[in-house]
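K.L.:
Attaching a single structure in structure tokens format; questions to follow.
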Amino acid sequence: QVQLVESGGGLVQAGGSLRLSCAASGSIFTYNWMAWYRQTPGKQREWVASITSAGVSNYANSVKGRFTISRDNSKNTMALQMSSLKSDDTAVYYCNAVSPSRTSWGQGTQVTVSS
């Protein structure tokens with residue numbers, strides 16, 4: 001089972017941009033579905049965006065048009081480019097990878113958007 005490590009979180013002003021990265025310890029080739037989730041205290045973890053091994057992406061309505069998900073199977077990485085950030089985007093962001101036989105989660109990276 002691959003280990004996933006997120007990076008790129010931080011503090012940014014509203015309207016700004018951040019790029020999150022998810023690095024896998026091994027090949028992500030067999031993970032046919034990868035995604036970003038986010039969670040704020042007291043709330044359930046919510047799906048943000050996902051991308052298949054074929055490169056088909058989907059987004060939550062709340063981030064559509066502002067966030068872009070991508071993956072690079074040759075580098076075993078996934079990224080989330082976030083722009084036009086809002087205070088509502090403040091959360092811990094988690095990387096998720098799903099294969100037919102296993103699911104992996106990262107430890108999360110904090111994104112804080114100041115208004």
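The values are calculated or read from the model by the stated rules, or taken from the named source; none is laboratory data. Please read all numbers here as calculations on a predicted model, not as lab measurements. When we count neighbours, we look across all protein chains shown, and the Cβ atoms used for this are built from the backbone with ideal geometry, even at glycine. Protein only, heavy atoms only, side chains kept; ligands, DNA and RNA dropped before computing areas. Shrake-Rupley method; radii C 1.70, N 1.55, O 1.52, S 1.80 Å.
K.L.:
In terms of Cα to Cα distance under 17 Å, which lysines are near enough to Lys75, apart from those fewer than 8 places away along the same chain?
P.N.:
Answer for Lys75, where 17 Å is the Cα cut-off: none of the lysines qualify.
K.L.:
Using r as the Cβ-Cβ distance of Val98 and Ser17, and R0 as 35 Å, what FRET efficiency do you calculate, to the nearest 0.05?
P.N.:
E between Val98 and Ser17, to the nearest 0.05, is 0.80.
K.L.:
Would you mind getting me the FRET efficiency between Lys64 and Val5? Use the beta-carbon distance for r and R0 = 30 Å, nearest 0.05. Write down the numbers at each step before the final one.
P.N.:
Details: r = 27 Å, r/R0 = 0.89.
For Lys64 and Val5, the calculated efficiency is 0.65.
K.L.:
Can I ask one more? At 7 Å along Cα-to-Cβ for each site, give me the label-to-label distance between Thr40 and Ser25 in nm.
P.N.:
3.3 nm
K.L.:
What percent does the relative contact order of the chain come to when contacts are Cα pairs within less than 8 Å and at least six residues apart?
P.N.:
37 percent
K.L.:
Around Gly65, under 14 Å between beta carbons, what's the net of Lys plus Arg minus Asp minus Glu among the other residues?
P.N.:
So the surrounding residues net to +2.
K.L.:
Okay, next question. Counting only protein heavy atoms and a 1.4 Å probe, tell me what percentage of the chain's accessible area is made up of carbon and sulfur.
P.N.:
Carbon with sulfur: 49 percent of the solvent-accessible area.
K.L.:
Taking Lys64 as the anchor, which lysines have their alpha carbon closer than 20 Å to its alpha carbon, excluding any fewer than eight residues away along the same chain?
P.N.:
Qualifying lysines at Cα under 20 Å: Lys86.
K.L.:
Can you tell me the accessible area per residue over the chain, all protein chains present, probe 1.4 angstrom, in square angstrom?
P.N.:
Numbers: 5910 Å² over 115 residues.
Here the residues of the chain average 51 Å² of exposed surface.
K.L.:
Test of understanding: what is the full-extension gain from Gln81 to Thr112, defined as 0.36 nm times their sequence separation minus their Cα-Cα distance? Show your work: numbers first, answer last.
P.N.:
Numbers: separation 31, 0.36 × 31 = 11.16 nm, distance 1.48 nm.
Here the segment from Gln81 to Thr112 would lengthen by 9.7 nm.
K.L.:
Using a ≥ b ≥ c from the Cα gyration tensor of the chain (square roots of the eigenvalues), is it rounded, prolate or oblate, where a/c under 1.5 gives rounded and otherwise the larger of a/b and b/c decides, a/b for prolate?
P.N.:
prolate
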